[in-house]
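Reading through the structure tokens given below for one structure.
The values are calculated or read from the model by the stated rules, or taken from the named source; none is laboratory data. These numbers come from a predicted model, not from an experiment. So basically every Cβ, Gly included, is an ideal-geometry build from the backbone, and we count neighbours across all protein chains shown.
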Amino acid sequence: MSGNVPADIRVVLFDVGGVLVELGGVETMLGWLGPAVSADELWRRWLTSSSVRHFETGKIDAQAFAAGVIAEFALKLDTHRFLQAFAAWPTGLFPGTLEMLARIPPSYRRALLSNSNSLHWRRVTEDMGLGGAIETHFVSHLTGRIKPDTEAFEHAVESLGCLPEQVLFIDDNSLNIEAARQFGMHAVRARGNLETRRALGEFGVIEGER
């Protein structure tokens, strides 16, 4: 989008898993599901799963979530083994993430819009240090609003006091990107530090990245 950089961006809104934090669970789930299911199909099913949505909006506990996912996805394992593996999905920040975030000028507000849960969120914000690097957090299991639902994006812009077109949203999932664009945000699909830096550079948020 060189030569056509929007001048109205005021907020950079980040997804967490897959953008700032590396997730190791996709390969695990694909191994359980078998070769007939692609990563994109897994994410489509995950984001529309009733068990996932209920857990990541705080409506059910971890045991009910595990039992529901095992049933929905026809997995051949028990809830204990599933929850052990699921708790370890966030493996750490992508290298250079904190340095990248520090390069964003203070004229931009930085915020997180994450589908998360009680098993992952404390590790991400405290153990990995992401909580102090971004000032505003919209987290599904605390807000009760989940991507790709429009109300998740509505809640974010209302709370931030901005317009959708003043937001650059960065996410690794095409369903969420499409929903954000339909809502009126600038939205870019990116995974990891390199692609995220490139997106920030394309929109003129940080210099030296194209």
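Counting the residues of the range 119-133 that are buried (at least 16 other Cβ atoms within 10 Å of the Cβ) and more than 14 Å from the chain's Cα centre (by Cα) gives 4.
May I ask you to verify whether G96 is surrounded by fewer than 18 Cβ atoms within 10 Å (Cβ to Cβ), of a type outside the set (D, E, K, R), assigned by TED's automatic domain parsing to the domain that holds M185 and in contact (Cβ under 8 Å) with a residue 40 or more places away in the chain? Yes, satisfied.
Hey, any hits in the range 74-84 for a residue that's within 16 Å of the chain's Cα centre (by Cα), of a type in the set (F, W, Y) and either part of a helix (DSSP H, G or I) or surrounded by 15 or more Cβ atoms within 10 Å (Cβ to Cβ) (or both)? For the range 74-84, residues within 16 Å of the chain's Cα centre (by Cα), of a type in the set (F, W, Y) and either part of a helix (DSSP H, G or I) or surrounded by 15 or more Cβ atoms within 10 Å (Cβ to Cβ) (or both): absent. Does V69 satisfy the condition of being part of a helix (DSSP H, G or I), in contact (Cβ under 8 Å) with a residue 40 or more places away in the chain and buried (at least 16 other Cβ atoms within 10 Å of the Cβ)? The answer is no for V69. Residues of the range 162-201 that are buried (at least 18 other Cβ atoms within 10 Å of the Cβ) and in a helix (DSSP H, G or I): P164, Q166, N176, I177, A179, A180, F183, N193, T196, R197, A199, L200. Taking the range 12-60 as the range and being buried (at least 19 other Cβ atoms within 10 Å of the Cβ), of a type in the set (G, A, S) and either in a helix (DSSP H, G or I) or more than 15 Å from the chain's Cα centre (by Cα) (or both) as the test, only S51 passes.
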